[in-house]
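The block underneath contains the structure these notes are about, expressed in structure tokens.
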Amino acid sequence: AYCDAAASMDCVGFVNINDDMGFKTQTLLPPDVYRKYMFPWYKKLVETVHKRGKPVVLHSCGNIYAIIDEILDCGWDAKHSFEDIIMPVWDFKKRYGNRVAVLGGFDMDKICRLTEDEVRRHTRFLIDTCAPGGGWALGTGNSAANYIPVKNYLAMLDEGYKYGIY
């Protein structure tokens with residue numbers, strides 16, 4: 001009911017569903033639990049939003065690659081949240097970008113630790129490796145947290161604006 005109500009509003013451009021399904025090394029629950037209990041509900045949620053003509057985005061952290069095919073089979077329009085140590089966004093785009101749009105991917109550890117010049121170089125790298133073919137949007141690997149140095153976040157956005165128009 002919530003997804004239907006949200007998707008019915010003209011001011012809502014898409015519905016974002018957050019459900020972290022993994023740790024750094026594996027899924028939070030055994031894959032069979034997702035298959036039996038979660039994926040039928042995800043499919044219903046996605047169908048509900050799609051019936052209203054809106055896209056639906058999955059934000060899920062962690063290593064979900066044991067169940068990624070089933071996740072994508074639910075019909076999500078985009079996937080967000082990437083961590084280089086698990087699977088860098090450029091690898092995800094290469095493997096699955098033909099099935100789902102890819103959002104973000106500038107690893108949170110990197111954006112916090114790199115210098116401003118390194119952030120700009122990494123932003124160009126992400127654009128060069130993820131933008132070809134479309135279906136990708138520059139952004140952080142997770143939610144833009146308050147501990148990101150503001151100068152680094154602004155450098156990523158600025159470099160994306162200057163370098164990344166395609």
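The values are calculated or read from the model by the stated rules, or taken from the named source; none is laboratory data. On a predicted model such as this, the values are computed, not experimentally measured, just so you know. As a convention, Cβ positions derive from the backbone with ideal geometry for all residues, glycine included, and neighbour counts pool all protein chains shown. Please note that ligands, DNA and RNA were not included when accessible areas were found on the heavy atoms of the full protein model with its side chains. Shrake-Rupley method; radii C 1.70, N 1.55, O 1.52, S 1.80 Å.
Net charge of the neighbourhood of Leu103, taken over other residues with C-beta under 11 Å away and scored Lys/Arg +1, Asp/Glu -1, is +1. Taking amide hydrogens as placed 1.01 Å from N in the peptide plane, the amide H of Ala131 sits under 5 Å from that of no residue at least 5 positions away in sequence or on another chain. With respect to the chain, whose longest principal axis is taken over its alpha-carbon atoms, helix 116-130 is tilted by about 50°. Each label point was placed 7 Å from the Cα along the Cα-to-Cβ direction; for Thr129 and Thr25 their separation is 2.5 nm. In sequence order, segment 57-63 has phi-based couplings of 10, 9, 9, 9, 8, x, 7 Hz under the Karplus curve 6.51 cos²θ - 1.76 cosθ + 1.60, θ = phi - 60°, and Gly or Pro positions carry x.
Residue ranges 127-134, 53-60 sort as 53-60, 127-134 when ordered by packing (mean number of other C-beta atoms within 10 Å per residue, highest first). A 1.4 Å probe run over the chain, with the rest of the protein chains in place, finds 55 Å² accessible per residue. For the pair Arg35 and Arg95, the difference between a 0.36 nm per residue extended length and the Cα-Cα distance amounts to 19.4 nm. The C-alpha atoms of the chain define a longest principal axis, and helix 150-163 lies at about 90 degrees to it. Taking all protein chains in place and a 1.4 Å probe, what share, in percent, of the accessible surface of the chain do carbon and sulfur account for? Of the solvent-accessible surface of the chain, carbon and sulfur hold 54 percent. With the biggest extent put first, the Cα atoms of segment 75-166 measure 36, 26, 18 Å across the principal axes.
For Ala101, the residues whose modelled amide H falls within less than 5 Å of its own, excluding neighbours fewer than 5 places apart on the same chain, are Ala78, Lys79. With both labels modelled 7 Å from their Cα along Cα-to-Cβ, the Asn16 to Tyr161 distance reads 2.0 nm.
Cross-link partners of Lys44 among lysines, defined as those whose alpha carbon lies under 29 angstrom from its own and excluding same-chain residues fewer than eight positions apart: Lys24, Lys36, Lys54, Lys79, Lys93, Lys94.
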